[in-house]
Amino acid sequence: MTAPATIPPPAGRRMRQLLGSLPTWVVWLVVLLWTVPTFGLFVSSFRKVIDINESGWWTAWNDLDNLTFQNYRDIFRETAAQPSMWEFALNSIAIVVPATIIPIAVAAFAAYGFSWMEFRGRNWLFIALVSMIALPNQMAFVPLLQLFNNGARLTIPGLDWTFVLFPDLGIGNTAAAVWLTHTAFGLPLAVLLLHNFISQLPRSVFEAARIDGASHFTIFWRLVLPLARPALAAFAVFQFLWTWNDYLIAAVLLTDNEPMTVALVNLVGERGSNFQLRFASAFVIMVIPLIVFFSLQRHFVRGLLAGSVKG
Amino acid sequence: MDQFITMIITVVVSLAAAAIVFVGADRAVDQAVPRWPVFTGAVGAVLGLVLGAAAQHNGWLPAGPGLGGPLKAGWLVILAGAAAGAALGAGAGRMLQPSLDRRNAWESRLRPWVFAGPALAFVAIGLVIPGLRTVFLSFKNGPRGREPGFTLEHYTDIFTDDEYFTVEGWAQIFTSRLFIAGLAAAVVAAAAAWASAARIVGSAKQIAVAGRLMKALGLAAAVLVVAPIVGFVESLARDPNQSAIMDVLTVIVSSRVTLWVVVVLAAGSLLVWMRSRIRRQRMELDWGAPSSSMMLALGAVLLVFGALSTLHAVVWNNVWWVVTVAGLSTALGLMLAVLAERARGERFAKTLIFMPMAISMVGAAVIWDFMYEVQPTGNQTGLFNAVLQGLGFSSRGFFINATMIPWNNFWIMFIMVWIQTGFAMVVLSAAIRAVPDELLEAARVDGASETQSFWRVVMPQIRPTIIVVVTTLIVIVTKVFDLVKATTNGANRTNVLANEMFDQLRDRNFTSSSAFAVVLLALVVPVMVFNIRRMQKDLA
């Protein structure tokens with residue numbers, strides 16, 4: 001008797017429940033689309049050439065015995081055509097470590113100076129420095145290439161007198177050239193991130209330290225660096241990912257001792273031969289950034305927010 | 001391994017040297033007050049060092065037996081310069097000691113430069129001066145810029161070559177299906193803006209008209225949203241040229257009748273607006289309403305897509321990239337940020353969507369190249385083509401098929417959207433979280449529905465963040481390079497400015513390479529100016 005009366009509410013509730021779970025469905029559908037490609041690459045990196053060319057990676061489950069580590073063994077083995085991936089990995093590390101440390105050190109000092117020191121033209125200089133974030137890197141390549149390879153000379157017109165402005169240090173085509181370039185390109189963002197953080201530290205801390213007779217250097221070393229550690233970590237993660245994943249700067253400045261990204265593009269270029277190696281290589285390149293990303297995601301997000309959301 | 005050890009040694013040495021220089025400079029400034037001559041001596045030593053280096057490298061020393069021999073080759077000249085400078089500086093400082101006040105002033109004036117100086121020097125030498133030199137080089141004669149004289153040739157080469165820049169076929173924009181649909185969406189948006197305003201502040205008669213109008217507009221909007229999606233799906237499933245729905249749409253949309261209806265509607269709404277302006281009635285338009293702002297966004301997207309898929313040249317392609325990726329990533333990121341708040345497993349889902357940010361563009365290119373893979377015969381091994389094959393449609397080369405041009409660009413752009421959506425989502429969801437609860441509470445008390453409070457309360461609050469996300473994406477996407485390089489390398493009309501700049505650099509055409517860089521810069525100058533204005537406001 002009460003049945004007809006009670007039927008509508010569950011239907012309505014079910015409808016509402018369905019609508020309520022709609023966001024979950026949509027979000028997880030996007031998650032699926034966003035992760036499947038990477039997963040497909042991962043599976044393919046364990047398959048044989050014949051399998052890759054004849055069936056999709058999703059069929060790999062049918063015959064798990066066909067999976068092999070051979071591709072990984074191949075990329076880490078030195079051949080006449082291709083050096084071992086280890087070599088490229090070491091080149092990458094040789095570029096990334098200094099290219100991450102140097103900008104942090106330089107930017108931390110500058111961020112402190114711009115936040116807590118009064119000097120003429122401070123705002124103006126800060127804006128000029130930070131606005132360089134938007135400058136396309138391409139604007140600097142030709143002159144930097146010339147600077148690293150030949151130094152800089154100025155010929156005074158009329159007098160025909162050439163003057164060495166910057167000596168040829170012989171760092172063309174070396175990792176050092178890549179660090180210096182990464183440092184210059186990374187500094188504007190680094191200064192912005194660290195400045196946003198350091199300038200928000202409470203003023204009273206600095207005033208108390210000044211009254212106690214601490215110099216700027218002591219304040220920076222003893223107070224600012226420990227307090228700014230989250231911001232330093234945030235930028236370090238940022239710069240690490242950016243330098244590790246960089247292809248353009250390395251491709252422009254290096255013709256040998258290239259990092260892994262350049263090696264991968266060269267591998268992609270040779271269609272046909274070594275086709276199966278690119279999956280394993282791409283995955284090897286991705287492993288370290290992904291580990292860093294998943295373990296230090298908190299810092300990475302903080303860096304993003306500090307860089308884009310004011311404060 | 002050798003390289004690795006060299007790297008470690010170089011890093012340690014250069015860091016130590018930098019630390020010594022920095023601490024030395026700091027200590028030298030410390031001495032300005034208590035021991036002035038020490039300070040002037042240090043300044044003299046630095047000046048002498050620079051002068052010695054300049055003399056050594058320029059060969060200014062007479063080539064006599066004493067000076068020109070072993071001394072000239074080595075570091076001794078530089079060191080001698082430093083020593084002489086130090087002695088001179090110290091002597092001068094001892095003779096001319098300024099008052100204590102003046103020395104204090106020196107100290108506090110110089111100290112900031114010790115801290116900010118290294119960063120400024122790096123950016124000046126690594127970015128600003130090279131940037132200026134690139135502009136200079138782009139006007140120089142000859143491929144290497146060594147020949148005397150200036151020329152505009154490199155720019156005229158770009159803007160007269162049909163491959164790089166052309167407005168040929170611009171008239172086709174107006175008959176492009178997407179463009180007309182976009183125009184229609186813009187008209188719907190304007191009408192919705194009027195109707196929404198009328199329902200809030202209008203007279204009784206206006207409210208009645210607006211209510212009826214809204215219903216009609218809802219239908220029109222549904223058609224405008226559904227038609228492109230269906231067309232898109234269908235053109236995916238079959239070749240764009242064989243799509244039945246697209247054929248019907250083409251007949252409908254590109255027939256003269258539709259064109260005239262849209263044009264008359266657009267002119268009509270313009271007239272209504274003009275009339276109210278002339279009568280000095282302020283026409284109330286509610287662009288913030290969900291319906292009008294969504295239709296406006298849709299209209300803008302369709303108009304831009306229609307225009308940019310018709311024009312084909314490298315410069316337009318670059319603009320298309322910027323609009324598509326910045327627009328899609330932001331819209332998708334915003335949608336996900338809103339939905340994720342209500343979804344189960346929010347944190348995990350967000351992490352996975354965010355993950356492509358950690359993958360290099362080269363890696364992303366390999367991943368997606370494989371997704372789009374096409375096999376001429378047999379089983380399809382690329383996921384997308386396998387799905388098409390499974391549904392009984394013919395396979396296609398997303399990047400390489402001639403029938404896909406210019407939409408092959410879209411499939412490369414989508415890789416960038418895949419990478420950047422996570423960025424937009426994370427930043428926007430932080431902004432949504434930061435909207436004060438009191439505001440939402442107040443809106444709820446006033447009887448606003450969830451949709452209303454999102455569009456009327458949250459959207460205005462996160463507007464600055466949306467702008468930041470869009471400008472950041474514009475800057476990133478304008479210089480897109482790796483993806484195009486690693487997928488098509490610019491073949492089949494997918495070239496972009498940065499790739500062309502790189503190829504010219506590889507060919508050692510330094511001047512025309514510089515010209516491409518300057519064109520690239522011109523595209524981001526509006527963003528730079530906007531950012532500078534914003535920072536000026538923030539710091540003031």
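The values are calculated or read from the model by the stated rules, or taken from the named source; none is laboratory data. Keep in mind that what you see is a predicted model, and the values were worked out from it rather than measured. Don't worry about glycine lacking a Cβ; one is built from the backbone with ideal geometry, like all the others, and counts go over all protein chains shown. The accessibility values were calculated without ligands, DNA or RNA, using every heavy atom of the protein model including side chains. Shrake-Rupley method; radii C 1.70, N 1.55, O 1.52, S 1.80 Å.
Have a look at A:N71, A:A140, A:V262 and report the one farthest towards the positive end of the charge dipole of chain A, computed about the Cα centre with Cβ charges (Lys/Arg +1, Asp/Glu -1).
Positive-most Cα among the choices belongs to A:A140.
Can you compute the label reach from B:Q172? Point 7 Å from Cα along the Cβ direction, backbone N cut-off under 18 Å, restricted to segment B:386-421.
Of the residues in segment B:386-421, B:401-410 have backbone N under 18 Å from the label point off B:Q172.
Please compute, for the alpha-carbon atoms of segment A:188-278, the extent along each of the three principal axes and give them in descending order in Å.
The principal-axis extents, from largest down, are 71, 21, 18 Å.
Which far-off residues, 5 or more places away or on another chain, put their amide H under 5 Å from the one on A:L165, with H placed in the peptide plane?
For A:L165, the qualifying residues are A:A152, A:R153, A:L154.
Could you list the GluC sites (Glu not before Pro) in segment B:110-216 that lie in coil according to DSSP, counting only those with at most 15 other Cβ atoms within 10 Å of their Cβ?
B:E163, B:E168
Go ahead and collect, in residue order, the members of segment B:154-196 whose backbone nitrogen is under 17 Å from a label point 7 Å along the Cα-Cβ direction of B:W260.
In segment B:154-196, the label zone of B:W260 (backbone N under 17 Å from the point 7 Å along Cα→Cβ) covers B:175.
At the nearest 100 Å², what buried accessible area, both sides summed, do you get for A and B when the probe is 1.4 Å?
9500 Å²
Residues of the protein assembly as shown: accessible area per residue at 1.4 Å, in Å²?
49 Å²
Quickly work out the B:R280-to-B:Q536 label distance, labels modelled 7 Å from Cα along the C-beta direction, and quote it in nm with one decimal.
Simple spin-label model gives 3.5 nm for this pair.
If a/c stays under 1.5 just call it rounded; otherwise compare a/b with b/c (prolate if a/b is bigger, oblate if not). Do that for chain A, with a ≥ b ≥ c from the square roots of the Cα gyration tensor eigenvalues.
Here chain A falls in the oblate category.
Amide H of B:K140 versus every other amide H placed in the peptide plane: which residues, excluding those fewer than 5 positions away on the same chain, fall under 5 Å?
Residues meeting the amide H criterion: B:T151.
Determine the gain in length on full extension of the stretch B:A124-B:A87; use 0.36 nm per residue of separation and subtract their C-alpha separation, reporting nm with one decimal.
Full extension from B:A124 to B:A87 adds 10.2 nm.
With all protein chains present and a 1.4 Å probe, how do B:K350, B:K537 order by accessible area, largest first?
Ranking B:K350, B:K537 by accessible area, largest first, yields B:K537, B:K350.
Carbon and sulfur: what percent of the protein assembly as shown's accessible surface (1.4 Å probe)?
67 percent
What percentage of all Cα-Cα pairs in chain B are separated by more than 36 Å?
Tail of the P(r) past 36 Å holds 55 percent of the pairs.
Distance between the C-alpha centers of segment B:171-205 and segment A:55-82? Whole Å please.
Distance between centres, Cα-based: 56 Å.
Which value, in debye to the nearest 20, describes the size of the charge dipole of the protein assembly as shown about its Cα centre when Lys and Arg Cβ atoms bear +1, Asp and Glu Cβ atoms bear -1, and nothing else is charged?
Roughly 2780 debye, rounded to the nearest 20.
For the protein assembly as shown, with the dipole built from +1 on Lys and Arg beta-carbon atoms and -1 on Asp and Glu ones, taken about the Cα centre, which of A:L129, A:F197, B:S14 lies farthest toward the positive end?
Farthest along the dipole direction, towards plus: A:F197.
Would you mind classifying segment B:93-140 by shape? Square roots of the alpha carbon gyration tensor eigenvalues, ordered a ≥ b ≥ c; an a/c under 1.5 is rounded, otherwise it is prolate if a/b is larger than b/c and oblate if not.
It is prolate, given that a/c is not under 1.5 and a/b is the larger ratio.
Do you know which residues of segment B:11-32 lose at least 40 square angstrom of accessible area in the protein assembly compared with their chain on its own, with a 1.4 angstrom probe?
B:V11, B:L15, B:F22
So what does the Cα-only Debye profile of segment B:314-540 read at q = 0.08, 0.18 Å⁻¹, as log10 I(q)/I(0), no solvent term?
-0.39, -1.30
Chain A: longest stretch without exposed trypsin sites (Lys or Arg not before Pro) (DSSP loop, at most 13 other Cβ within 10 Å), sites themselves excluded?
Maximal segment without exposed cleavage sites: A:121-270.
For the protein assembly as shown, what percent of Cα pairs sit more than 41 Å apart?
45 percent
Quick one: work out Rg over Rh on the C-alpha atoms of segment A:131-258, Rh as Kirkwood radius.
My calculation puts Rg/Rh at 1.12.
Spin-label point model (7 Å from Cα, Cβ direction): what's the B:K205 to A:S21 distance in nm?
A separation of 5.3 nm, rounded to one decimal place.
Report, in deg cm²/dmol and to the nearest 500, the calculated mean residue ellipticity at 222 nm for the protein assembly as shown, where each DSSP H run with n ≥ 4 adds -39500 (n - 2.57) and the sum is divided by the residue count.
-23000 deg cm²/dmol
From the phi angles alone, apply the Karplus equation (6.51, -1.76, 1.60; θ = phi - 60°) to segment B:519-529 and give each ³J(HN,Hα) in whole Hz, x where the residue is Gly or Pro.
4, 4, 4, 4, 5, 9, 4, x, 5, 4, 4
Non-local amide H neighbours of A:F119 (under 5 Å, H modeled in plane, Pro and chain starts lacking H): which ones?
So A:F119 has HN proximity to no qualifying residue.
Can you give the mean number of other chain Cβ atoms that lie within 10 Å of the Cβ atoms in peptide B:137-144?
1
Let a ≥ b ≥ c be the square roots of the eigenvalues of the Cα gyration tensor of segment B:340-387; is it rounded (a/c under 1.5), or, if not, prolate (a/b larger than b/c) or oblate?
oblate
Assign unit charges at the C-beta atoms only (+1 for Lys and Arg, -1 for Asp and Glu), then state the dipole size of segment B:314-540 relative to its Cα centre in Debye, rounded to the nearest 20.
200 debye
Do you know the relative contact order of chain A, to the nearest whole percent, from alpha carbon pairs under 8 angstrom that are 6+ apart?
Relative contact order, chain A: 25 percent.
Considering the options B:G327, B:L483, B:M274, tell which one lies farthest towards the positive end of the dipole of chain B, charges being +1 on Lys and Arg and -1 on Asp and Glu at the Cβ, about the Cα centre.
So the residue furthest toward the plus end is B:M274.
For segment B:111-213, what is the charge dipole size about the Cα centre, in debye to the nearest 20, if Lys and Arg each add +1 at the Cβ and Asp and Glu each add -1 at the Cβ?
My answer is approximately 780 debye.
Tell me the label-point distance for the pair A:S199, A:S215, using the 7 Å Cα-to-Cβ offset, in nm and rounded to one decimal.
Result: 2.7 nm between the two label points.
Cut-off 11 Å, label point 7 angstrom out along Cα-to-Cβ of B:D503: give me the residues of segment B:298-340 whose amide nitrogen falls inside.
B:314
Between exposed chymotrypsin sites (Phe, Trp or Tyr not before Pro) in chain B, where DSSP calls loop and at most 13 other Cβ atoms lie within 10 Å, what's the longest gap?
So the longest stretch without any such site is B:288-540.
With r defined as the distance between the Cβ atoms of B:T377 and A:I171 and R0 fixed at 51 Å, what FRET efficiency is calculated, to the nearest 0.05?
Taking R0 as 51 Å, the efficiency between B:T377 and A:I171 is 0.50.
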